[in-house]
Structure formats: structure tokens, C-alpha cells
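All remarks here apply to the structure that follows.
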Amino acid sequence: MGFRSFLHRITAPRFERETPSNQPLKMVFVVNHALKMGKGKIAAQVGHAAVKATLKSGEVRPELLDAWLSTGQKKICVKANDSSHIEEIEKQANQLRILSVKINDAGHTQIPSGSLTVLALGPDEEEKLDELTGELKLL
């Protein structure tokens with residue numbers, strides 16, 4: 001979905017469609033702690049993940065995106081041990097049908113090109129995401 005289509009979709013008049021349950025929604029960003037990224041680098045990578053996950057949600061699960069946008073867009077960041085830990089979490093997310101987006105760095109600054117920096121999960125029901133990431137430490 002292009003950016004103009006995305007903007008039109010989220011600003012166009014609403015019509016009846018399937019809506020998610022009344023459960024609280026959030027998005028979770030799982031950051032690769034092994035890379036020892038600086039605060040600014042982490043912020044940039046999480047920003048990339050937020051945009052990409054929002055666009056993907058608009059394409060694949062627009063009802064969740066609409067509900068998440070209308071309820072404050074809750075987001076949290078947690079730490080993963082390393083890239084293999086992130087891959088394991090992504091595999092579990094796929095089994096639970098949770099939307100996921102991986103971000104790999106271009107390698108222009110602090111870390112090697114292709115490094116897996118962040119996994120974005122959701123937006124989805126908090127309860128489902130907590131099952132998957134509730135044990136991880138907050139960033």
C-alpha cells in the first residue's frame with residue numbers, strides 16, 4: 001500500500017467492518033540488546049519499525065489498526081538477548097498470528113550492515129503480546 005493510499009484509508013469516512021474485541025491493544029518493539037546500540041540509534045530503529053508495522057497493519061489487519069489508532073497507540077520497548085532470540089520470538093508470533101516486522105540496519109553508522117536491530121509486534125491485543133513478550137525486560 002502506498003503512502004497516499006494509506007493516508008486516504010485512515011482519514012476516509014468509516015464504514016462498518018469487522019472490529020476487534022474490546023481488549024486493550026498495543027505494539028511491542030523487541031530490541032536486539034547484543035548490538036549495544038546508542039540511544040539515538042535505538043530510537044531511529046524503533047521509529048523505522050513503528051512506521052513499517054503501522055503500514056503493514058493497514059494492509060493486513062485494518063480493523064486492528066483503526067482500533068489501536070483510536071485508543072492512544074500504546075507502545076512498549078523490550079530487550080532481546082540477541083538476533084537468534086528475536087528470530088525465536090518472531091517464529092512464536094507467527095504461530096500466534098501476531099503481525100511482525102523485522103528491521104535490519106543499513107550499516108551506515110554504528111553497526112554492521114544487515115544486523116537485525118528490532119522486531120515490531122502488533123498492534124494486537126495486549127494479552128496476546130504479553131504471552132509472548134511479558135517476561136522480557138523493559139528497555
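Points worth noting:
- Ranking of 124, 105 by count of other Cβ atoms within 10 Å, fewest first: 105, 124
- Modelled FRET efficiency - R0 30 Å, residue 109 with residue 63, Cβ distances, 0.05 increments: 0.20
- Distance between the modelled labels on residue 138 and residue 97, one decimal in nanometres: 3.1 nm (7 Å Cα→Cβ projection).
- For the chain, calculated [θ]222 nm from helices alone, where every DSSP H run of n ≥ 4 adds -39500 (n - 2.57): -13500 deg cm²/dmol
- Karplus-derived HN-Hα couplings along segment 78-84 (A = 6.51, B = -1.76, C = 1.60, θ = phi - 60°), whole Hz, x at Gly and Pro: 10, 9, 10, 4, 6, 5, 5
- Label-point separation in nm, residue 73 to residue 39, each point 7 Å along Cα→Cβ: 2.2
- As a rough footprinting exposure proxy, the listed residues 75, 39 were ranked by other beta carbons within 10 Å of their own, and the order from fewest upward is 39, 75.
- Highest average first, the peptides 42-48, 117-123 ordered by how many other beta carbon atoms sit within 10 Å of their residues are 117-123, 42-48.
All of the numbers you see were taken from the coordinates with simple rules; none came from a lab. No experiment lies behind these values; they were computed from the predicted model shown. Glycine also receives a Cβ, built like all others from the backbone with ideal geometry; neighbour counts cover every protein chain displayed.
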